[in-house]
Amino acid sequence: MRIEYTDSLIIGGGLAGLRTAIACKKAKLNVLVLSLVPAKRSHSAAAQGGMQASLASSFKGQGDNEDVHFADTVRGSDWGCDQKVARMFCHVAPKAVRELSVWGVPWNRVNKGKRDVIVNAQTETITEANESHGLITARDFGGTKKWRTCYTSDGTGHSMLNAMDNKAIELEIPVLERQQALKLIHDGKRCTGAIVRDLITGEVFAIVANATTIATGGFGRIYEISTNAVICDGVGAAMALETGETPLANMEAIQFHPTAIVPAGILTTEGCRGDGGVLRDADGHRFMPDYEPEKAELASRDVVSRRMTEHIRKGKGVKSEYGDHLWLDITLLGREHINKNLREVKDICEHFLGIDPAVDYIPVRPTQHYSMGGIRTDFRGESVGLKGLFAVGEAACWDLHGFNRLGGNSVAETVVAGMIVGQYVVEHCQQSNVDINASLVKHFYATQCTEIDQLLERKTGTDALSIKTRMQHIMSEKVGIFRTNGPLTEAIEELKALYEESKEIAISNKVRHANPELEEALRVPKMLKLAICAAQGALNRTESRGAHCREDFPERNDKEWLKRSLYYWKKDSVDVSYEPLNIDEMEMPPGSRGYGKSQIVEHPQTQTRLETVDLVNASAEDLSRSERQHKLMPFEIPEIYQEKNQRIGVED
Amino acid sequence: MRKLVFHIFRYDPQLEGDKPRMQRFELNETEGMSIFIALNKIRAEQAPDLKFDFVCRAGICGSCAMVINGMPTLACRTLTSTFDTPEITLHPLPGFELIGDLSVNTGKFMRALSERVGSWIHDENANNISIDKLEERMEPALAEQIYELDRCIECGCCVSACATKAMKEDFIGAVGMIKLGKFELDPRDKRTSKDFYQVLGNEDGVFGCMTLLGCQDSCPKDLNHQTQIAYLRRKMLMALN
Ligand SMILES: Cc1cc2nc3c(=O)[nH]c(=O)nc-3n(C[C@H](O)[C@H](O)[C@H](O)COP(=O)(O)OP(=O)(O)OC[C@H]3O[C@@H](n4cnc5c(N)ncnc54)[C@H](O)[C@@H]3O)c2cc1C
Ligand code: FES
C-alpha cells in the first residue's frame, strides 16, 4: 500500500479547491490537490454570467454595498441561510474580485459616457461617470437590487478558473489529475486523509493529511437532465456522508435554472435576462410581468422557474417532441451585444440548436442546476463531527444560500470561501498534529480494495448504468420543481429498492486500470445515497421555502420549519434531524420576499426580534454603517480580510 | 433516420497483448444526436470498456477533442447530422499520451506547457497590491482584447493539427503562443519584450512556425492564431533591436 503524506489535502481542483490550496501554500504548508480532470476543465469553467460583489462602480451599481448585497442574499435564501456566513461573504466578495483582477482576470470595465441598456424590455440611456472609467463593471442578475454581477463576457467562470489555476501553477501547487477520492480515513472524531483511486492505472492508495478539504462541487447528475457537467456526481459529499459521523445538510434545497436549452439541458446564462432578454410563450406573449409585475424575468430563480412551469401547465408551452418548452428572446439585444457579451450563448445556440439567437428565439425550460445543500460546516468551513475535515464551494453547506441561491453568488462563494476557509485550514494545521495510525489507514484501504475486488469478481448481477438511469428518472419526475406527498413517498421507496439492487452490481469489463464501467459501479451507490437524502428531506419538510416547493404545503412555515435539515447515514439508511436557525441572532428577522401573494406562518419570536432590531438601529444612529451592523449581529472574519472595501465616491 | 456506422480506434496500452485496431459499431441516428450522445450510447449498449472524455458536454471545457472524420474538433458539440455520409471515423488526438481508445492526456501536456512558458501574471509587486482599495483601472477595450485571447480552452486541437509540432517535439504551438500573447498584451504582466524573447524568440517558438495554419482551421473557439503569430513575430524581431 502506497501512502502519501501532506499537511493539507484538497479534494477538488475547481475554483473553491484551488483557492483553498493557494491559501495553504501561501502559509508554507505542503499541499496536494486531487481532481478527476485537469483543473482548468473543472465545472467552474462553465459558469457564464458572472460573480456578485458590491463594487458599485457602474451607474446601475451606485449605492450598492455589503448591506444591500447581504439583504438580497438573505431574502434570496428565503431566510434559510446562515446570516453570519452571508455577512462574511458579502464583506470579502469585493476583495475576491479585486484579487482575481491582480491575478489576471480581464473583468469587463466601465466605459465612460452614454450607452443604451435594456431594462424591462425598454431601451434606457444611462451615462457612466468619468471617475468610474476603467473600473470593474457589473451587469444585472435576478433577485438583486443593484447591478452587481462582475463578468468577462459570458465566460466568467472560464476566465476565473484560468487565472486561479495559473496562480496555482505559479505557486507550484501539485494537482494530481485523473484521481478519484473514494473514502475518508477517520477514527470517528478526526479525519486524517482519504483513500484514492488513480483513474488511469487503477492503483488504490492512501493520502494521510493533517487537514482534508472536500471541494468536489455539486451533484446535479442525480437528475436526468441537469446543466451540470457529467462529472458532477456528488461522490465527494457521499464520502463524507458515508463516515456516519458528519452530516450533510439541506439536500432537498435544489435549484432549477429557468433557461437551459431543450433538449440538451445546456445552460444559457441568467445574463441573457440580466442584459434585457425576455421570456415568451407559445403565442409569443411575454408572460412573466403577468405573474411578477415588478421583477418580471428578474425575479429570483426559484420564482421564475415555478412561474414558467405553471405557465406550461396552463397549456401555454410550445409543443415539441421533447416535451413543452418556452422561448428565451434575446433578439432585442441586437447582434453586436450578443457577439460581445453573450458569445458562449451564441456558440451554444449555433452548435446545439442550429439557430442564430440574434434573430431566433431559444427553446428553454427550467432544469436542475445547483445544489444548495452539501456537507454541513461551521462558519470556518470545518465539518460538524469530524475534526480536520473541511468542505468548501458547492460541495459544502456553509450555508450562504439557504433554500435558494442568487445567480452570481456561487462562483463568488467558491472564491470567497476558499479565501476564508483556507485561512481556517491553515490555522488548524498550525495548531494540531496528525497521529499516523497505520492500522486505521490500512483498514480503510482494505475496505476500499474489497469493494473493488467484489465488483470485479461478481459474475452476474445488476447493471450500474441502468440503476443510475432509473434513479435519475425518479428524481426528475418525483423530486422536481413542484413536490407533493404521494410522488415523494413513491420516490423514496423506489430509490431504496434501487439502493438494495446496487449492492449486487456486476461488471463485464474486468480490468483494474482505466475502466469506465468500474468507475460507474463505484459511483452509483454513492449517488443513490444522496438521492435518498434529497427525497427524504423533501418529504419531511411540509412547507415551501425557496426552491423547495410543496404544492400540498404552499406556505413558508417559520413556526415549524425555520431550521436546517441534517442527514446522517446510520445503519445503512438515512437519519434526518433538524438544527433550528436562531432568530434572536438574526440581523434580518424573517419577512416577505415580495413575490406573489405572501404566505408565511410566522415564528413566535419574529416580532420580538424585529422590535429589538428597530431599537438597536434607533440607538445606533450616530454610528458608522459597520459599527451599527456589528451591534446587531457580530460576526468573525480572518484578520487579513477585515479591512473596509473602498468604493468610488463613497466614504463609508 | 439513418443507420450510422462508427469506426472507432481501440487500443488499451495497459492491457497486455492489446493491439491498436479499428472497431465498427452501428447505431440508429436520432434527432439532434451529437458524438457525445452517440459514444455514450455505444458504451451503454455495445462496448462498456470504451474510453473517452467528456466533462461539460457544452463546448466549454476542452475535454473532448478527438479526430472526427479526419478533423480534430470537440466531439460534444459535433452533431452527427453535419456529416453527409453515415460513416463516422473517430481517432484520439495525435500528439498526446494515449490513455486508451479516444482518451488522451491533454492535461499533463498543458500543465507542463504552462510551467514552461510561465503562464501567469509576472509582477514582483503583486503581493503588495491592496485588494481593499479600488482596483487598477484598465481600458475597457483592452480588457476585451485580453479576454479574446483568454478564451483558449486548451483542447489540444491546434497541437494535433500542427505540422511543425509533428516534426518538432519542443515546439510550443499555437496554444503556447496564444498564452504568451495574452500576457504580452496585459499591462499587469511586467515581463518585457526581452523576457518574452527568451521563451518565444527561437525555433521552438514563433520562428519555428511554418505558417501552415492548421491551428487556425481547427480551433473550436475561432481564435485568430494567424494574426496572433504574426504579431508576436513582429514583436520578437523588435525586441532584438
Ligand atoms: C452551466 C453552469 C453555469 C453556471 N454559471 C454561474 C454563474 O454565472 N455565476 C455563479 O455564481 N455560479 C454559476 N454556476 C455555479 C458555479 O459555477 C458552481 O457552483 C461552482 O463553479 C462550483 O465550483 P466548485 O469549485 O465548488 O466545484 P467544481 O468547479 O465543480 O470543481 C469540483 C472539482 O472536484 C473534483 N472532484 C469531484 N469529485 C472528486 C473526487 N471524488 N475525487 C477527486 N476530485 C474530485 C473535480 O475534478 C473538480 O476539479 C454555474 C453552474 C453551471 C452548471
Ligand atoms: S466536453 Fe467540454 S468541450 Fe466537450
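Rounded if a/c is under 1.5, else prolate if a/b beats b/c, else oblate: with a ≥ b ≥ c from the C-alpha gyration tensor eigenvalues square-rooted, which is segment A:37-141?
oblate
With +1 on each Lys and Arg Cβ and -1 on each Asp and Glu Cβ, and nothing else charged, work out how big the dipole of the protein assembly as shown is about its Cα centre, in Debye to the nearest 20.
The calculation lands at about 780 debye.
From the phi angles alone, apply the Karplus equation (6.51, -1.76, 1.60; θ = phi - 60°) to segment B:55-60 and give each ³J(HN,Hα) in whole Hz, x where the residue is Gly or Pro.
10, 7, 6, 10, x, 10
Go through segment A:347-355 residue by residue and turn each phi into a ³J(HN,Hα) via Karplus (6.51, -1.76, 1.60, θ = phi - 60°); whole Hz please, and just put x for glycine and proline.
Listing the rounded values in order: 4, 5, 4, 5, 7, 9, 10, x, 10 Hz.
With just the Cα atoms defining each centre, how far is segment B:1-47 from segment A:305-377? Give it in Å.
First find each Cα centre; the distance between them is then 31 Å.
Of A:LYS145/A:LYS314; A:LYS316/B:LYS41; B:LYS19/B:LYS51; A:LYS295/A:LYS597; A:LYS183/A:LYS468; A:LYS387/A:LYS442, which sit over 22 Å apart, Cα to Cα?
Going by Cα-Cα distance, A:LYS145/A:LYS314; A:LYS316/B:LYS41 fall outside the 22 Å limit.
Name the residues of segment B:184-221 whose amide N is less than 17 Å from a point 7 angstrom out from the Cα of B:GLU124 along the C-beta direction?
B:188-196, by backbone N distance to the label point.
Across peptide B:98-107, what mean number of C-beta atoms from other chains lies inside 10 Å of a residue's C-beta?
4
So, by mean Cβ neighbours within 10 angstrom, what's the order for A:270-281, A:184-195, A:287-298 with the highest one leading?
Descending mean neighbour count gives A:270-281, A:184-195, A:287-298.
Report the Cα-based extents of segment B:3-103 along its three principal axes, largest first, to the nearest Å.
For segment B:3-103, the Cα extents along the three principal axes come out at 40, 28, 24 Å.
Grab the other residues whose beta carbon is less than 13 angstrom from that of A:LYS146, score K and R as +1, D and E as -1, and report the net.
Once positives and negatives cancel, what remains is 0.
In whole Hz, with x marking every Gly and Pro, tabulate ³J(HN,Hα) for segment A:560-576 from phi via Karplus 6.51 cos²θ - 1.76 cosθ + 1.60, θ = phi - 60°.
Per-residue couplings from phi come out as 9, 10, 6, 8, 9, 7, 10, 10, 10, 9, 10, 6, 6, 8, 8, 10, 9 Hz.
Among B:ALA58, B:LEU93, B:THR30, whose Cα projects farthest towards the positive end of the dipole of segment B:1-107, with charges put on the beta-carbon of Lys, Arg (+1) and Asp, Glu (-1)?
B:THR30
How large is the charge dipole for chain B, taken about the Cα centre, if only the Cβ atoms of Lys, Arg (+1) and Asp, Glu (-1) carry charge, to the nearest 20 debye?
The calculated dipole for chain B is roughly 280 debye.
If a/c stays under 1.5 just call it rounded; otherwise compare a/b with b/c (prolate if a/b is bigger, oblate if not). Do that for chain A, with a ≥ b ≥ c from the square roots of the Cα gyration tensor eigenvalues.
It comes out rounded by the Cα gyration axes.
Which of B:VAL175, B:THR164, B:LEU213 sits closest to the plus end of the dipole of segment B:108-231, meaning its Cα is farthest towards the positive end, when Lys and Arg get +1 and Asp and Glu get -1 on the C-beta?
My answer, from the dipole projection, is B:THR164.
Before anything else, pin down the relative contact order of segment B:3-103: Cα pairs under 8 Å, at least 6 apart, normalised by residue count, whole percent.
In percent, rounded to a whole number, it is 34.
Which cross-chain or sequence-distant (5 or more) residues have an amide H under 5 Å from the amide H of A:ARG190, H modelled 1.01 Å from N in plane?
When sequence neighbours closer than 5 places are left aside, the close amide H contacts are A:LYS387.
For A:LYS114 and A:GLU627, what does the FRET efficiency come to when R0 = 51 Å and r is the distance between their Cβ atoms, rounded to the nearest 0.05?
Taking R0 as 51 Å, the efficiency between A:LYS114 and A:GLU627 is 0.85.
Let's test the formula: R0 of 51 Å, r as the Cβ-Cβ distance of B:GLU169 and A:ASP290. What FRET efficiency results, to the nearest 0.05?
Using R0 = 51 Å, I get an efficiency of 0.20.
Placing unit charges on C-beta atoms (Lys and Arg positive, Asp and Glu negative, everything else neutral), compute the dipole magnitude of segment A:212-307 about its Cα centre in debye, rounded to 20.
Dipole size: approximately 180 debye.
With unit charges on the beta carbon (Lys/Arg positive, Asp/Glu negative), name the residue among A:GLY63, A:VAL230, A:ALA547 whose Cα is farthest towards the positive pole of the charge dipole of chain A.
A:VAL230
Normalised by the residues of segment A:512-652, what does the relative contact order come to in percent, with Cα pairs under 8 Å and at least six apart?
16
Need one number: nm distance between label points at A:ILE355 and B:ALA112, each 7 Å from Cα along Cα→Cβ, rounded to one decimal.
4.5
Say a paramagnetic label sat at a point 7 Å from the Cα of A:ASN130, along Cα to Cβ; which residues of segment A:633-652 have their backbone N under 16 Å from it?
Under 16 Å, as judged by backbone N against the label point of A:ASN130, lie A:649 of segment A:633-652.
Before anything else, pin down the relative contact order of chain A: Cα pairs under 8 Å, at least 6 apart, normalised by residue count, whole percent.
19
Setting aside same-chain residues fewer than 8 positions from A:LYS346, which lysines have a Cα under 19 Å from its Cα?
Straight-distance partners of A:LYS346: B:LYS221.
Does segment A:376-529 come out rounded, prolate or oblate by the C-alpha gyration tensor, with a ≥ b ≥ c the root eigenvalues, rounded set by a/c under 1.5 and, if not, prolate when a/b is larger than b/c and oblate if not?
The shape class here is oblate.
Need the C-alpha centroid separation for segment A:560-593 versus segment B:163-241, integer Å.
55
Here are some pairs, A:LYS167/B:LYS179; A:LYS60/A:LYS146; A:LYS112/B:LYS190; A:LYS26/A:LYS644; B:LYS182/B:LYS235; which of them have Cα atoms lying more than 18 Å apart in this structure?
Beyond 18 Å: A:LYS112/B:LYS190; A:LYS26/A:LYS644.
Since every read-out is calculated from the coordinates, none of them should be taken as a lab result. This is a predicted model, so every value here is computed, not measured. A quick note on method: Cβ atoms are made from the backbone with ideal geometry, for glycine too, and the neighbour counts reach across all protein chains shown.
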